[in-house]
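This report concerns only the one structure given below.
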Amino acid sequence: MFLRVIGALGVVYGDIGTSVLYAMHESFFGHHILEVTPENVYGVLSFFFWSLILVVGVKYVLLITRADNRGEGGIFALLALISAAKKRISPTRFSIAWALIILGAALLLADGMITPAISVLSAVSGLELLTPVFSHYVVSITSAVLIGLFCVQPFGTQKIGVIFGPIMTLWFASLTVFSVPHLLEHPSVFLAMNPVYAVRFMLHHGWATLLTMGSIVLCLTGAEALYADMGHFGRKPITLAWWILIFPALTLNYFGQGAIMLRPGFQTSHLFYSVVPSWAMIPMIVLATAATIIASQALISGSFSLIQQAIALGIFPRQRVVHTNPEMRGQIYLPFVNWSLMIGCLGLVVVFRTSGALAAAYGIAVTGTMAITTVGFYLVTRHIWHWPRWIAIAVCGGFVSIDFIFFSANLLKFMSGGYVPIIIALLIFTIMHTWYWGRSFIARYYQKARYYTIEELLELRRRPDTILLDRSVIVMASRPVADRQETIPPALQSRLNHLGAIYKHITILSVIQDAGATEIPESRRFQVNIFADDEQGSLVSIRILFGFMEDPNLSVVLQKLVDDGVIRTTLEGARKQFTILSGAERIIVTGVSRLDSLRLWLFRVLLRNANTVLKYFNLEFFPDVSIEVVTLGDISETQP
């Protein structure tokens, strides 16, 4: 348990643990300048203290982490839970929840692009305190650190991950130790634990409080990542780490920064580093940079996992997935996602140049995702946990009210940079929605087209004039074929029409990733339907089931099925031979609206750049196998 708690420090709490670098500073000296007075210091600290307790401690740690899908957390796990209860939710409400969760995932990915930029930029900016000369090199050094971080991703994080926990333990210990002398100097700062000071702040500043709330929310960054990374360590270690280590360290450091501001004649260019004694400045800058790299690494890895889940759920184009550790299923690397994140992070650093400027772009994505998570959590409490309506409304209504206040506060920064995460999130959402819509469009076309049924194919095989080719073929199918009255895959129909003959051994293979399960036990992995197995050959349908968190590596599975004799092959010398057949569509649609025409154009672009089925399932270089991709023709006889 102790090792899992330490491990959680590096992965789960890296983001929220490094928010001390900029959250308090931005609340007073950021987008909205706030006068440094005891009343304002106590008021802001009170907001920090109760935000950490209510949003992170109560909402996420105590409640939302209970909404796990077989131990896994995150916004897509929430979608899986809601999908499992789909029959108990009205179709309209489910559709709205589905769209909101997809938008929440897009916002989370946008956050994953901003966080590394602002975190590393904040840490490196501490060099300016050593000598003004470094002020000209902060952007260059930050860019170099980020480039190095993204360039090591193909090698995996196994070796680096071993030291994540100890470094973050040292980080949180340093936050506490360096804060204590300032707290002893001004112990009155602990009065801010009284929520009355937050209320007084609101009464004094009125609607202008929203301007400050837009910066206060920075102390909550990483709360959503806490939920998303729950599957790596379990709920109990995450809970223990928060209440025993993380919350006390963050609270003491924020209050220590507040105590510094209570000094007569207080002046500083960087509030966080003003807590650090001069002799420890260089080691602390190095440690802060290491901590932000670790926090960024956790978000990058989380983005990889999020996209992998989206691909499995059919809402993102297939991308190449590289496993960096054969012994750990969750350690993956997606080249396209990695380099896209790197370009985005570097662009943000070059354009905004300072953490203060970038903070204006930060917050909208975080608070938007938090609000959407609360909406999804409400559906779980009502339709899965069966809470009474008034309890669910009271609890979730309270949380969504806090989320809405923070979200509204950040919208005030829209024109100062807040539009950046919105644009990024809308772009990702458009890709996800268009891909799902396009695949549904193709599926509807196939449902209307005319193909052989399994029964008709069997009848054709029995006819004396039918030519049987002494070859074995595995046909990739988008849906399972379990009944004789169901139709064969379009790729097989197209190939049979072209050949004017039938393969001796035909295996129809469908791979399904269950949106309601993270992992499938081996006892449920395969479903085999044998329609024919005689001297004329075989006709078999196999459904392979994976959870949405699993890697569908078919090269290993197929080899097992061939060795076990489930898939019949032909012999060429001493080698077993078969062909893997897959289909590729060309979409030409006329007579549609301008909007649908635009969506189809985008879908074609995504389709051309997505990995093929064979490449995604690691079958492209399968040994002793020939690969055929059949062009199915123009899908042009129907409209979406």
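Some points to look at:
- The length gained by stretching the chain between R235 and S593 to full extension, at 0.36 nm per residue less their Cα-Cα distance, is 124.0 nm.
- Fully extended contour minus Cα-Cα distance, from I512 to F266, at 0.36 nm per residue: 82.3 nm
- Ranked T115, T92, criterion: other C-beta atoms within 10 Å, fewest first: T92, T115
- Amide H contacts of I332 (H built 1.01 Å from N, in plane; Pro and chain starts excluded): T324 sit under 5 Å, all sequence-distant by 5 or more or on other chains.
- Taking every DSSP bridge with both residues inside the chain, close to 35 percent are antiparallel.
- Computed from point charges on the beta carbon alone (+1 for Lys and Arg, -1 for Asp and Glu), the dipole magnitude for the chain about its Cα centre is near 900 Debye.
- Residue-span extension gain [V177 to W385] - 0.36 nm each, minus C-alpha spacing: 70.6 nm
- Among A249, I405, V350 the positive-end extreme of the charge dipole of the chain (Cβ point charges): I405
- Around the amide H of R484, modelled in the peptide plane, lies no amide H under 5 Å away from a residue 5 or more places distant or on another chain.
- Stokes-Einstein diffusion for region 461-546, with the hydrodynamic radius set to the Kirkwood value over Cα pairs and evaluated at 4 °C in a medium of 1.567 mPa s, equals 92 µm²/s.
- Computed over region 36-151, the ratio Rg/Rh where both radii use C-alpha atoms and Rh is Kirkwood: 1.14
- Cα centroids of region 241-296 and region 79-158: 22 Å apart.
- Spacing of the two label points (7 Å from each Cα toward its C-beta) at T466 and S416, in nm: 7.3 nm
- Value at 222 nm in deg cm²/dmol, rounded to 500, when DSSP H runs of n ≥ 4 in the chain each add -39,500 (n - 2.57): -17500 deg cm²/dmol
- Qualifying GluC sites (Glu not before Pro) in region 1-92, where qualification requires a DSSP coil assignment and no more than 16 other C-beta atoms within 10 Å, comprise E35.
- Correct choice for Rg and Dmax of the Cα atoms in Å that was computed from the model, options [x] 28.1, 102; [y] 25.6, 96; [z] 23.6, 72: [x]
A short reminder: the numbers here are calculations on the coordinates, not readings from a lab. The model shown is predicted, which means the values in this text are computed figures rather than measured ones. Note that each Cβ is placed from the backbone with ideal geometry, even for glycine, and that neighbours are counted across all protein chains shown.
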